[in-house]
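The values are calculated or read from the model by the stated rules, or taken from the named source; none is laboratory data. For clarity, every value in this text was computed on a predicted model and none was experimentally measured. For neighbour counting, all protein chains shown are included, and Cβ atoms are generated from backbone atoms with ideal geometry for every residue, glycine included. Remember, those area values only see protein heavy atoms, side chains included, never the ligands or the DNA or RNA. Shrake-Rupley method; radii C 1.70, N 1.55, O 1.52, S 1.80 Å.
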Amino acid sequence: MSTVPMELLAPAGGEEALRAAVAGGADAVYLGGRAFNARAGAANFDAAEIEAAVRYAHERRVRVYVTLNILLTEAEMEEFAAYARRLYATGADAVIVQDMGALSLLRALLPEWPVHISTQATLTGSAGCRLMESMGARRAVLARELSLAEIGAIRASTNLELEVFGHGALCVSYSGQCLFSSFIGARSGNRGRCAQPCRMAYTLEDEGGRDLLAGEKAGAHLLSPRDLNLLDHLPALAAAGASALKIEGRMKRAEYVATVVRVYRRALDGAPPTAADHRDLEQIFNREFTPGCAMGRPGREFMSWQRPNNRGLRLGRVTDFARGRLGLKLETDLAPGDGIEVWTGRGREGETVGALFDETGRNLTTAPAGRQVWLPYAGQARPGDRVFKTADAALLQAARRTFQSGAVGRQRPLAMTVCGAVGERLRLTVAEADGKTVEVFSLSPAVAARQRPLEPEYLRRQLGRLGGTPFVLAALDLRLEGDILIPVSELNEMRRAAVAQLLAETARPPISPAEWERRRAAWQRLPAETAPLPQGGVGVLLADASLLRPLARLGLRRLILSREWRRFPLCGPESLRALAAWGRERGIDFVWRLPRILHEGEAAALRRELEAMAAWPERPAIMAAGWEGLALLRETDPDWPWESDYSLPVLNNAALRLLTDLGARRVTLSPELNLGQIAALRPLRRTEAVVFGDMEMMVTPVCLPAAALGCRERAAQPEPGANPGPAAGRACAGSFYLRDRLDFRFPLETDRACRMHIFNSRRLHLAAGLAELAATGLRAVRLDLLRVTLAQAERAAEYYLEAWERGGAAAERAARLEAAFPEGFTKGHYYRGVTG
């Protein structure tokens, strides 16, 4: 097996993990500071520690990418700019961002610093990647949900470096499209504070509340994915065009980083993965493994429903348990110090093995698979209970030896040549494998040696004293004329001088205060507005086209249609054309919202539709809900009127300006903003805010009803516009909900590409806050009526038309609205905001 040409990119959640990654053979590491970082729960680094980390990594020929990958509010932008400037000065090789305002700022203020676009930006296709390239990005961290074929298609159409996740924890949602933790607990994953509600227990229910998996022992963690493992697919991944293989795990311990990096380094260097490699990956941490979406659309095999945390290795079953002693027939080796977990009828009980005995009571230092053993156990168990080994003391100790104090770590081999003769200064030439060469001389000339001249072993010993540096003496060539001698102090000084020259980096040119201020002033200068202002008032987003005309009769003049949901009849191109003409005749702004997620096949079908529609005299305006859709639209017709949905998140003026500079006539603000944060945005006259309706919390590639109940269409990924087929045989034909431990029910919807969307259990309703929202200067609000009856849609529209456009709604209107939605409402984040 030949070497695989991909960068190995490892996580560094703290200093020990950094050392573990470097020692294990990572080509690059990614790490975060104490601010603006999407892993706020990791140890992380302060600015001085980042500087030291960059120096340590660079000395060992390892690149460092800094994560500044959260969404930023307007109040944070000045601090962000100053912080980015300081991190740039550390010499970090690149910066990773999610927020498009951050991208805009960095390209303007620090154009010398390469920018990588985070997986949180949900880049799923080639058009979106080309758009990022045009905006100055160097690399795209692709969505985890892409297949090898889709990665290959992107590679063929962009010059961006493509970074792909290869190992570690998976999000069940497309990254950047999850508001679950944000809505239910105000802890935003987009701000680095995800509470991981996907790892909690749920039941899958129908409309009537029946548990559809009762009695199946399927497990309760219905949103918990397995861990990604692409060890056996590295050549195919490289052939598809991946530039970098990323290991997830900034929240993991350093021993995990050391083990995983070691295994993947060996494979990338050309060694076929062994059974021992797979075993080590399983042992260090696994929720069971999956190749994710690399081989195609996954189903139930993607999920880890029975447990959301480390499974370890299956150790065996309990054979007997009496008087505090547990008997086991081993399926893998076991030793004192290992961690075990017994799966009982009451749950799982963990313990560290203190001692191990055979049938005679003799102490064992280790026991192989197949052996019957006994061990002291303080918990409860019954014969037949399963036991797993969750920690291997020997594996952990071997990992620690690579990075703890005293470890040699990663080394750069040196070839030294020593030349000299009596009366001449000794010359030391030091060369690295990459060709870098330095030359130093002794201060004084060599003298004739009366005894103990410079000999090979002596010189090797003195010049090889490279401890505390990243170097090791690999070869020594002596070219000495006669028996000569110089003081040992001068030899040591020559060695130190050579090392200093090898470690000296070309300093990144500092940005002068005057230049910094010039760049800031240029970036902050607002262009004159020339585009006409969009109309204000109340708009409605619908999934059911049959509601458009009844709502228009109530006086609504802005209607948006999303046609992606399977349970509603498809509104094809000719229907869109007719609706656009109908809207124009009646003074109605009719808008077609594109899907959030578009993979390559879907994007190709959408491109064909857009190209056909571009010639129409009557065509709808477009709402872009993802970067792929926006890029396709701009490539089809740069003058096509368009606007953005909140799934292209805007929390700051820079992000707002970037979208309007690209041509957006209107921008929907992020639902994670509070009223004060909205008031800080300008110009608000080009924005709208969602104030009522069904709030989408998550979109996942796995359709849960199909995975749980079976569906003949699950493996297919239909193109937009394709007939979804009859309801019979489709698990998603009914109404489904997830119920959590607090008895909240979260509705599920399936789109035409068999992806599952999860909605909040309570609809948003700003009611009493409309006056405060209007006081910010906002002119337009939106109702998201995606899961409503006609009667419910009418009640909501009547209330908000009166409350927003006519200065207040009567109490009777409010009562009718509340009666139409007995599940109750939430005010969202307008008052509380999100943490972090």
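What the table below lists for this structure:
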| quantity | calculated |
| --- | --- |
| Charge context of LEU547, other residues only, Cβ under 12 angstrom, K/R +1, D/E -1 | +1 |
| Leading residue at positive end of dipole, the chain (Cβ point charges), from ALA819, LEU547, LEU170 | ALA819 |
| Calculated Rg and Dmax of segment 610-653 using C-alpha coordinates, Å | 11.4, 36 |
| Efficiency of FRET from Cβ geometry, ALA75 and THR789, R₀ 41 Å, rounded to 0.05 | 0.50 |
| Shape parameters for segment 160-248, alpha-carbon atoms, Rg then Dmax in Å | 17.1, 50 |
| Rg [Å, one decimal], Dmax [Å, integer] - the chain, C-alpha atoms | 31.1, 112 |
| Cut-off 18 Å (backbone N to label point 7 Å along Cα→Cβ of ARG427), residues of segment 469-493 | 476-482, 484-486, 491 |
| Pairwise label distance in nanometres, ASP637 with ALA275, each label 7 Å out on the Cα-Cβ vector | 6.3 |
| Whole-percent carbon and sulfur share, accessible surface of segment 561-654, 1.4 Å | 50 |
| Average silhouette area of segment 338-479, convex hull of alpha-carbon atoms, in square nanometres | 15.9 |
| Electrostatic dipole magnitude of segment 18-144 [Cβ: Lys, Arg +1; Asp, Glu -1; Cα centre; debye, to 20] | 480 |
| Charge context of ARG371, other residues only, Cβ under 11 angstrom, K/R +1, D/E -1 | -3 |
| Alpha carbon Rg of segment 545-646, scaled by the compact-globule rule 2.2 N^0.38 Å | 1.04 |
| Cut-off 18 Å, label 7 Å out along Cα→Cβ of SER157, residues of segment 560-600 by amide N | 594-600 |
| Integer Hz, Karplus 6.51/-1.76/1.60 couplings in order for segment 190-205, x for Gly and Pro | 6, 10, x, 10, 4, 8, 6, x, 5, 8, 8, 8, 9, 10, 9, 10 |
| Largest to smallest principal axis extent of the C-alpha atoms in segment 477-615, angstrom | 104, 41, 28 |
| Signed unit charges on C-beta, dipole axis of the chain, positive-most listed residue ILE340, ILE484, TYR83 | ILE340 |
| Cα-centred dipole magnitude for segment 364-411, charges only on beta-carbon of K, R (+1) and D, E (-1), debye, nearest 20 | 100 |
| Rel. contact order, % - alpha carbon contacts under 8 angstrom, at least six apart, the chain | 13 |
| Estimated dipole of the chain in Debye, rounded to 20 [Cβ of Lys and Arg +1, of Asp and Glu -1, Cα centre] | 820 |
| ARG300-ARG584 pseudo-label distance in nm [points 7 Å out on the Cα-to-Cβ vector] | 5.1 |
| Sequence ranges 209-218, 453-462, 134-143, 13-22, ranked by mean other-Cβ count within 10 angstrom, highest first | 13-22, 134-143, 453-462, 209-218 |
| Apportionment of accessible area to carbon and sulfur, segment 338-464, percent (1.4 Å) | 50 |
| The chain, accessible area per residue, ligands and nucleic acids excluded (1.4 Å, Å²) | 39 |
| FRET efficiency for GLU481 and ALA236, using Cβ-Cβ distance with R0 set to 56 Å, rounded to 0.05 | 0.45 |
| Modelled FRET efficiency - R0 35 Å, ALA733 with MET251, Cβ distances, 0.05 increments | 0.35 |
| Percent of C-alpha pairs per 5 Å bin, segment 196-288, short to long | 2, 10, 18, 17, 14, 11, 9, 9, 6, 3, 1, 0 |
| Cβ-based charge dipole, the chain, positive-most Cα from LEU414, LEU556, PRO509 | LEU556 |
| Radius 10 Å from Cβ of ARG816, net charge of other residues (Lys, Arg +1; Asp, Glu -1) | -2 |
| Carbon + sulfur, % of accessible area of segment 95-217 - ligands and nucleic acids excluded, 1.4 Å | 49 |
| Residues whose placed amide H lies under 5 Å from that of ARG63, excluding near-sequence neighbours | ALA28, VAL29 |
